[in-house]
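Contents: one structure, followed by commentary.
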Amino acid sequence: MRSRSLTHVLAASTLAALVPAFAPGSASAAENPLQQYIEQRPSWHRCDSDSPASFQCATIKVPLDYDRPDGKKIGLAISRLKTSTPAERRGVLLVNPGGPGGSGLSMPFGLAGELPSSVKKKYDLIGFDPRGVGRSSPVGCGLSAKEQNWERPYRAEKFAKDVKWARTVAEKCDTKQGDRLRHITTRNTARDMDVMRAVLGQKKISYLGYSYGTYLGAVYTQMFPRHADRFILDSSVDPARIWRGMIQIWAEGAEPAFTRWSEWTAQRHATYKLGKTPKAVRKTFWDLVARADRKPIELDGQKLTGDDIRSGSRAAFFSVREGAEGIAKLKKAADRGPSRTAEPKAPSRTGQPSFGRATPDDNGTAAFWSVVCADTGAWPRDPEGYRADAVRAKKEYPLYGDFGSTIKPCAFWKKEGSEPATTIDNEVGALVLQNEWDSQTPLASGRGMHRAMKGSRMVTVAGGEGHGIYGSKSCADKTATSYLTTGRLPEQDLTCRTSAAQRERGFNKLPLPTPPGLPGLTDRF
């Protein structure tokens, strides 16, 4: 996320702003090359038999290449839950769960139980699968489960294999998708959102985006500032660090989280038995890492190396209680030695509609690399540069630095024909929400979004843990609800504090959909 375009985003495409800010049918095809798309009438139907009849889905068409709107078309899956009170309806609230590669089609259904009634009275909740994801013309690269694992530590003796892996992923995606890959980008998804706006008959849209969805929302405000109404950017990506810098920021954020965790855990030695001082707690952790490097530690039927422990603990340390419980369990397993392999856990039901359609097994990963690699040309091309960065980062950020800086498939991604990255620099009003201890988009990342969105206000949840705020019963919820229902941003940036009771019982987690086939949100935005 370090790249910034030299060309102003509004000049990057002659078609980007051609979708009119009024209802379909108000301009001729001669005046607007996208007229055939905005004149669509969605055929709404029940999403699936497991969801209520009020939760409706449809598919619309959008151009694969917005510079050639008469060329190939792709399908875009959208969903809606209409307002419970039509007389109070203000418009539509588009929602996105992040990723890149996360399906948002079920989000209205999932968020309906979390958002206050005052918001649901004002808006139709609109979900969608971004292009290349889920039911929206999904991409796939034919990657094996092993090839999808990209949390790879730097080891001098295996770096050549990691370079081969990165090259293989890029080559497989190119073989499977070809020229299509350069069109699976955040800018084109923002254009798709504006087609959706016109198809839905709206002059403006409001928006609630989490994680990567914050960058998507920011790009929309940059490309279509006159079409943006009330935008909430929750747990934000830093637009100045797209995209390598946003992976590296995980290592930067992990070190202070590790320090905080060791201090908290030392105060509770009687409970966790990990050390009476922060120094002793940290020694316990690194001793476990070294021990697992010599011989993997068996935990719940899995053999964990020291690198596994480092990567798995990075996100856990942002939640002090979960981190302490996890390391205490690991220490007991190490002291106990090998045990009978645990029975595999049955998959949990999410309560989300299934929609009954299969996507490629690697769709989440394929869509992730498609966006992350095609959004910006700033990825270095020389593998030796990645090696040097990984060695340096591991010294500076021992917990995760080498994971974040080592070779990635984007080093070998084809860039021909791709657009430049989007520079976010506008005065559009928005509300930025940020937990102090967010593992995926650390506090510095949220502040970066706030700087770029000059018309925004920021609410920081001091002591807040977890990824995703609005709807989690956070102290920031009241401000967000007020903004969505009245349109008034706070007069100044705010900081609210979590209560002692909430800290003790733990933080609510939002039902953000997880990309299919991925282990969770610990390695995505």
Alpha-carbon centroid distance for the pair the range 376-393 / the range 149-185, whole angstrom: 14 Å
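Of the beta bridges DSSP finds with both residues in the chain, what % are antiparallel, to the nearest 5?
Numbers: 18 of 48 bridges.
Here the antiparallel bridges make up roughly 40 percent for the chain.
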Classified through the alpha carbon gyration tensor (a ≥ b ≥ c as square roots of its eigenvalues; rounded if a/c is under 1.5, else prolate when a/b is larger than b/c, else oblate), the range 246-336 comes out oblate
Which is farthest toward the positive dipole end of the range 222-280 among Pro256, Ala240, Pro225, measuring Cα position about the Cα centre, with Cβ charges +1 (Lys, Arg) and -1 (Asp, Glu)? Pro256
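In the range 428-506, what chymotrypsin sites (Phe, Trp or Tyr not before Pro) fall in a loop by DSSP, with at most 14 other Cβ atoms inside 10 Å? Don't jump to the answer; show the numbers that get you there.
On the way: sites: Trp437, Tyr470, Tyr483; in loops: Tyr470.
When the chymotrypsin sites (Phe, Trp or Tyr not before Pro) of the range 428-506 are filtered for loop state and at most 14 Cβ neighbours within 10 Å, nothing remains.
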What order do you get for 366-378, 445-457 when each peptide is scored by the mean count of other beta carbon atoms within 10 Å, highest first? 366-378, 445-457
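Starting from the Kirkwood radius over alpha-carbon pairs of the chain, derive D by Stokes-Einstein at 20 °C in a medium of 1.002 mPa s and give it in µm² s⁻¹.
Numbers: Rh = 23.8 Å.
It comes out at roughly 90 µm²/s.
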With all distinct Cα pairs included, what does the Kirkwood hydrodynamic radius of the range 177-216 come out to in Å, to one decimal, could you say? 11.5 Å
Once you put a point 7 Å from the Cα of Asp174 and another 7 Å from the Cα of Gln492, both along the Cβ direction, what distance in nm separates them? 5.4 nm
Could you tell me the center-to-center distance, by alpha carbons, between the range 41-94 and the range 233-275 in angstrom? 38 Å
XL table Lys146/Lys408; Lys158/Lys415; Lys121/Lys454; Lys146/Lys329; Lys172/Lys415; Cα-Cα > 21 Å flagged, in table order, is Lys158/Lys415; Lys121/Lys454; Lys146/Lys329
Rounded to the nearest 500, what is the 222 nm mean residue ellipticity of the chain from helices alone, with -39500 (n - 2.57) per DSSP H run of 4+ residues and division by all residues? -11000 deg cm²/dmol
Which helices, taking whole DSSP H runs in the chain, have alpha carbons extending 18 angstrom or more along the helix axis plus mean Kyte-Doolittle at least -0.5? 244-266
Where the centroid of each part is defined by its Cα atoms, how far is the range 460-492 from the range 287-315 in Å? 37 Å
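Between Lys161 and Ala358, what's the calculated FRET efficiency when r is the beta-carbon distance and R0 is 45 Å? Round to 0.05.
Values: r = 32 Å, r/R0 = 0.70.
Once rounded, the FRET efficiency stands at 0.90.
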Cα lying deepest toward the dipole's positive end in the chain, options Gly364, Leu93, Val133, charges on Cβ: Gly364
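Read the figures in this text as sums done on the coordinates, not as results from a lab. Bear in mind the structure is a predicted one, so any value in this text is a computation, not a measurement. Here the Cβ is made from the backbone with ideal geometry for all residues, glycine too, and neighbour counts use every protein chain on show.
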